[in-house]
Amino acid sequence: MSLKHILAGLMVAATVTAQAQATPDALIKQLSTEVIDTVKSDKAIQAGDLGRIIALVDAKVMPHVNFQRMTASAVGRHWREATLEQKAKLQAEFKTLLVRTYAGALTQVKDQSVALKPLRAAAGDTEVVVRTEIKGKGEPIQLDYRLEKSDAAWKIYDVNVLGVWLVEQYKSSFAQEIGAGGIDGLIGKLAERNKGAKS
């Protein structure tokens, strides 16, 4: 095989990968399948090794999440008042909280599979909702994702589990914490909750 053929083959492979990432539903399908397949095949994860699950979520899912937007939305109008240092701390603590929440849900994965519902979006849309169902024993679990297109890549900025959008869920409790102790109070509460989850 000539160098020309090899290069042509590599270009085709790269194009196929790029196209798979080009649509938001293909991205969610790929991510969900990879995560579930890894959970099913990893004995340590099956045994409940939270560290392994967190590492998996961090490696596979987190690069596809817009954490700044997610955190800013959950913090609401107070985000504009926060310093750069406070914003960085908020993002770090919120990320830890979400990774642990998602990882906890993954410990329940046994024989599930993901089914995508038809994507309702126009070709030029830059924000979409990808609706999925986790199917296994019992009732299917609704799991939807809000995604935005930025720099030609799709990023998740909110997740709906069983009819509740995570950002909305955290918004009211974050507002209460900020009302009681300001931005630093919220950072402290998140750090405390994350430390408690580790022990």
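Brief remarks follow.
- Filtered by the rule that a residue be surrounded by fewer than 18 Cβ atoms within 10 Å (Cβ to Cβ), outside any helix (DSSP H, G or I) and at pLDDT 95 or above, the stretch 62-115 gives a lone residue, THR83.
- Total residues in the stretch 21-61, condition among the β-branched types (Val, Ile, Thr) and either out of contact with any helix residue (DSSP H, G or I) (no Cβ under 8 Å at 6 or more places or on another chain) or not in a helix (DSSP H, G or I) (or both): 5
- Taken over the stretch 116-128, the residue count meeting the criterion of being within 30 Å of ASP42 (Cα to Cα) and either loosely packed, with under 13 Cβ neighbours inside 10 Å or not charged (D, E, K, R) (or both) is 1.
- LYS195 passes every criterion in (1) surrounded by fewer than 18 Cβ atoms within 10 Å (Cβ to Cβ); (2) touching a residue at least 12 places away in the same chain (Cβ under 8 Å) apart from (2).
- Hey, LEU143 outside any helix (DSSP H, G or I), out of contact with any helix residue (DSSP H, G or I) (no Cβ under 6 Å at 6 or more places or on another chain) and not polar (S, T, N, Q) or not: yes
The values are calculated or read from the model by the stated rules, or taken from the named source; none is laboratory data. Being a predicted model, the structure only gives us computed values, none of them experimental. Because the Cβ atoms are built from the backbone with ideal geometry, glycine has one as well, and the counts that use them run over all protein chains shown.
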